[in-house]
Amino acid sequence: MRRLYAANIHYLTPQLLSDILGLGKSETYALLERLTRQELVVPVERGKYLLTGLEPERVLGNPLFIANQLVYPSYVSYWSALHYHGWTEQAPHTVFLATTRKKRPIAFQGHHFRYVTIKAAKFFGYRRESVGDLPVIVADPEKTLIDSLDQSRYAGGVAEVARALVAAIPELDIPLLIDYASQIGDRTLCSRLGYLLAAQRIPAEGLPVSATPILLDPHAPSQGDYDARWRVRVNLTQAPLYPEGLG
């Protein structure tokens, strides 16, 4: 256990344990069986174990850490990151992560983890954080909003993302936010972001605009005012999104 902790290992497979300790196959599985009986490791999936050590509640009570350990590479994003950064009061029941791999949802000891597969070109804008003294990879503030706007269904919807954007403005690096949106290369996303920034009277020059009219919320009916600058049909009630209104 000391060697595993020294190597900053929190998540095990039989092969990894064998490589670290120099054990044969039978010895490895015998050790894993013993560690499981002693509740020093907890099986999560077949052939995959979470290292809980002598403080299991420290690990098992940290769903962001657990979710991040189960798939590599991955980082916490979408609604979970909005909540982590303090921009939404609604704590999602599911932990949402971005990954370049395909991974089915996981349920583990009352926690639910959803892995959203994205292209490698979109896998950027994250950093290592300490959550409950354990390492977790989380989207940085700007990438959290870009990811959430890119796939709003994993972030509580466009209205929730817009409210989070308003809350986040004081701490955002706006040029970086615009740069991230441009890197994604999705003009639809850029138009939505440009409109939301303009609604807060924040210049959003340099963002490409959609070639055709789009809906602010792709999952809501096509109705509402049309913003010609960003080619956005504002099909959401503005009042809860923009406290000061558009003016």
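Per-structure values
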item: Hits in the stretch 130-157 - residues which are under 13 Å from the mean Cα position of the chain (by Cα) and charged (D, E, K, R); result: ASP140, GLU142, LYS143, ASP147, ASP150, ARG153
item: Unique residue being touching a residue at least 24 places away in the same chain (Cβ under 8 Å) and farther than 20 Å from TYR72 by Cβ when the list is LEU12, LEU40; result: LEU40
item: Test: residue in the stretch 185-203 that is closer than 20 Å to ARG229 by Cβ, β-branched (Val, Ile, Thr) and assigned to a helix (DSSP H, G or I); result: yes
item: Tally, over the stretch 1-24, of residues that are in a loop (DSSP other than H, G, I, E, B) and under 22 Å from ILE137 (Cβ atoms); result: 5
item: Qualifying residue in the stretch 41-61 (condition: closer than 30 Å to GLY156 by Cα, among the aliphatic types (A, V, I, L, M) and modelled with pLDDT of 95 or more); result: no
item: Among residues of the stretch 126-140, those that are surrounded by fewer than 23 Cβ atoms within 10 Å (Cβ to Cβ) and closer than 16 Å to GLN183 by Cβ, counted; result: 2
item: Test: residue in the stretch 22-40 that is in contact with an Asp or Glu (Cβ under 9 Å, 6 or more places away or on another chain) and either over 15 Å from ILE106 (Cβ atoms) or surrounded by 18 or more Cβ atoms within 10 Å (Cβ to Cβ) (or both); result: no
item: Complete set of residues in the stretch 112-171 that are under 14 Å from TRP87 (Cα atoms) and in contact with a strand residue (DSSP E or B) (Cβ under 6 Å, 6 or more places away or on another chain); result: ALA139, ASP140
item: Residue, farthest from the chain's Cα centre (by Cα), within the stretch 90-118, restricted to residues that are open to solvent by 60 Å² or more (accessible area, probe 1.4 Å) and touching a residue at least 40 places away in the same chain (Cβ under 8 Å); result: GLN109
item: Index of the failed condition, GLY185 passing every other in (1) under 22 Å from the mean Cα position of the chain (by Cα); (2) modelled with pLDDT of 95 or more; result: (2)
item: Qualifying residue in the stretch 135-148 (condition: of a type in the set (A, V, I, L, M) and either at pLDDT below 95 or assigned to a helix (DSSP H, G or I) (or both)); result: yes
item: Complete set of residues in the stretch 58-75 that are over 22 Å from LEU35 (Cα atoms) and open to solvent by 40 Å² or more (accessible area, probe 1.4 Å); result: TYR72
item: Residue check for THR28: part of a helix (DSSP H, G or I), of a type in the set (Ser, Thr, Tyr) and out of contact with any helix residue (DSSP H, G or I) (no Cβ under 6 Å at 6 or more places or on another chain); result: no
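Per-residue answers, yes or no, for (1) farther than 23 Å from LEU145 by Cβ; (2) open to solvent by 10 Å² or more (accessible area, probe 1.4 Å); (3) in contact with a Gly (Cβ under 8 Å, 6 or more places away or on another chain):
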| position | (1), (2), (3) |
| --- | --- |
| VAL44 | yes, yes, no |
| LEU50 | yes, no, no |
| PRO56 | yes, yes, no |
| SER77 | no, no, no |
| ALA81 | no, no, no |
| TYR84 | no, yes, no |
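Conditions tested, residue by residue: (1) closer than 30 Å to TYR5 by Cβ; (2) open to solvent by 50 Å² or more (accessible area, probe 1.4 Å); (3) within 21 Å of the chain's Cα centre (by Cα); (4) in contact (Cβ under 8 Å) with a residue 60 or more places away in the chain.
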site	(1), (2), (3), (4)
ALA159	no, no, yes, yes
ALA164	no, no, yes, yes
LEU172	no, no, yes, no
CYS190	no, no, yes, no
TYR195	no, no, no, no
ALA199	no, no, no, no
PRO203	no, yes, no, no
PRO208	no, no, no, no
PRO218	no, yes, yes, yes
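The values are calculated or read from the model by the stated rules, or taken from the named source; none is laboratory data. Computed from a predicted structure; not experimentally measured. Neighbour counts are summed over all protein chains in view; Cβ atoms, including those assigned to glycine, are modelled from backbone coordinates with ideal geometry. Calculation scope for accessible area: heavy atoms of the full protein, side chains included, ligands and nucleic acids excluded. Shrake-Rupley method; radii C 1.70, N 1.55, O 1.52, S 1.80 Å.
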